[in-house]
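Novice: Just passing along the structure, written as structure tokens.
Derivation of every value follows stated rules applied to the coordinates shown; laboratory data play no part. Predicted, not measured: the structure shown is a model, and the values here were computed from it. For neighbour counting, all protein chains shown are included, and Cβ atoms are generated from backbone atoms with ideal geometry for every residue, glycine included.
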Amino acid sequence: MMMSENKGLPPLRFPRALTDMLEGKVGIVTGASRGIGAASAIALADAGARVVLAARDDEGLRAVASSINGGKERAMAVPTDVSDSESVERLVGLTVERFGRLDFAFNNAGSGHMPTPMADLSVEDFDSVLAVNVRGTFICMKYEIPAMLKSGGGSIVNMSSTAGLQGVNGIAGYVAGKHAVVGLTRAAALDYAKQNIRVNVVAPGPILTERLAGRMSQEQAAFAVPLGRVGNREEVAVVVAWLCSDLASFVTGAVIPVDGGRMAGVAFARPSVTPSVTAGISDRAPRSG
């Protein structure tokens, strides 16, 4: 499916392999009004699922829902504040009421703060970031899991970041929150593995969303990416769709970076080791047998 954007982003293009991957399943996507959340909601619907879109931005949610093939039969928008337990309980209740079950969830809603040395970060900003990233993820799972148990199991994908796997200067609150998401995920995966609920994490690196629409921003973000570019929204969305599907039936408690190789380590430039030199070394290596 292709979806045109008016914010300097290329249209979404999903592989045909998504077709029927989630046929007959029902899921929730939080933070679905834009960016990776919106792209994932569209991908999941393309894969055959009926999707409930949640975010605080009612107008943005409805725009994404209207772009999904099948319209009201395939998607429903529910304005939701994931840091509020009553709001999330209502979201899950409306999902089950409308579609009869809950099979998967992508807990994508997140929040950050302006780059600030940790001691200069206000307590209010720190609390605000954790309220969405940590409290929000916990509350979503708290209400999603009972609904999935009634359906015989399910799959939850939580959104972290490469900042949830390593330290990053200037964004201590965000780093702490995304590390906590990984911990929550692993604990939940162990708690519910025998009840057929899988819980995993995606940890994207720099992805081309509205925040990186400018060429200079993309070039700066891509500097530390071994593949030499930022990722596309659909490159995260297809990983989410796979984790939500039965194709990933033996995967739980996993953290999957979608980062162009950033978490593989540091690639140093070594002028003395060139492809031609390494080829020569390989040619001279002793053979066995």
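Novice: Mind telling me which of S160, S40, S128 comes out most flexible in a GNM of the chain, alpha-carbon contacts under 10 Å?
Specialist: Answer for the Gaussian network model of the chain: S128.
Novice: What is the extension gain from S249 to R98, computed as 0.36 nm multiplied by their sequence separation minus the C-alpha to C-alpha distance, in nm to one decimal?
Specialist: Length gained, S249 through R98: 51.7 nm.
Novice: Let me ask you something else. Distance from the Cα centre of the range 234-271 to that of the range 64-111, in angstrom?
Specialist: If you average the Cα positions of each part, the centres end up 25 Å apart.
Novice: If you don't mind, another one. Sort the range 114-203 into rounded, prolate or oblate with this rule: let a ≥ b ≥ c be the square roots of the eigenvalues of the Cα gyration tensor; rounded if a/c is under 1.5, and if a/c is not under 1.5, prolate when a/b is larger than b/c, oblate otherwise.
Specialist: prolate
Novice: Which is farthest toward the positive dipole end of the chain among V82, A264, V181, measuring Cα position about the Cα centre, with Cβ charges +1 (Lys, Arg) and -1 (Asp, Glu)?
Specialist: The residue sitting farthest along the positive end of the dipole is A264.
Novice: While we're looking at this one, here's another question. Enumerate the calculated ³J(HN,Hα) couplings along the range 227-240 in order (Karplus 6.51 cos²θ - 1.76 cosθ + 1.60, θ = phi - 60°), each rounded to whole Hz, writing x wherever the residue is Gly or Pro.
Specialist: 6, x, 7, 7, x, 9, 4, 5, 6, 7, 4, 6, 5, 4
Novice: Which one of G253, G31, G261 has the biggest mean-square fluctuation once the chain is modelled by GNM with Cα springs under 10 Å?
Specialist: Answer for the Gaussian network model of the chain: G261.
Novice: FRET efficiency for D58 and F268, Cβ-Cβ distance as r, R0 = 51 Å, nearest 0.05?
Specialist: 0.55
Novice: Using a Förster radius of 22 Å, what is the FRET efficiency between S85 and D127 based on their Cβ-Cβ separation? Nearest 0.05, please.
Specialist: Using R0 = 22 Å, I get an efficiency of 0.85.
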